[in-house]
Amino acid sequence: MTNMKYLLAVFISLALCFSQEKKQDVQPNAIAVYWKTLDDEAKEIFLFSYLTQVYDTHQSMIKKMGYSEITTWYYDNKAEMVYGIFDQVNQSSMKEFIGWINEYYSHEEFAGNSFDDALSFAFRFQQAAGETMWEKYENLKFEKIRPKN
């Protein structure tokens with residue numbers, strides 16, 4: 001009976017060991033690494049430059065190609081969010097927006113994601129109602145985003 005318990009314990013232990021998922025090493029992208037090296041003032045300059053570059057590119061595309069299929073794709077996939085950020089973010093709330101990007105890249109599993117993913121995260125969370133991250137998460141999760149008063 002003791003041997004049976006011992007074998008059962010070994011079998012369960014081995015089963016648990018093999019059933020565990022192996023954590024994949026995430027390779028951080030260059031922008032995530034660079035972002036983490038910047039101080040807050042440099043992050044503000046970088047962010048403003050990035051947003052301006054996307055805006056200028058879209059405006060240049062419109063001037064050169066008009067409202068073509070390519071211009072529409074660029075707007076839908078890149079510029080639309082940037083226009084929304086420009087509408088929402090002013091100098092006083094830029095620090096909060098940077099804080100959300102910092103929060104995004106503080107999670108190791110997001111280190112390999114694009115800067116656009118970080119911007120999207122920051123944009124959604126900045127718009128969400130709630131004072132704490134948990135409240136904002138709950139409001140986003142259940143699609144109960146209320147405008148800030």
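No value in this document is a laboratory result; all are computed from the given coordinates. Small disclaimer: the values here were computed from a predicted structure and weren't measured. A quick note on method: Cβ atoms are made from the backbone with ideal geometry, for glycine too, and the neighbour counts reach across all protein chains shown.
General observations
- Straightening the chain between Ser68 and Ser120 buys 16.2 nm, computed as 0.36 nm per residue apart minus the Cα-Cα spacing.
- Each label was represented as a point 7 Å from its Cα along the Cα-to-Cβ direction; for Asp87 and Ile31 these points are 2.1 nm apart.
- For region 107-121, the Karplus equation 6.51 cos²θ - 1.76 cosθ + 1.60, evaluated at θ = phi - 60°, returns couplings of 8, 4, 5, 9, 4, x, 7, 6, 5, 4, 5, 5, 5, 4, 4 Hz by residue, with Gly and Pro reported as x.
- Most tightly packed first, judged by the mean number of other beta-carbon atoms within 10 Å of their residues, the peptides 42-52, 65-75 read 42-52, 65-75.
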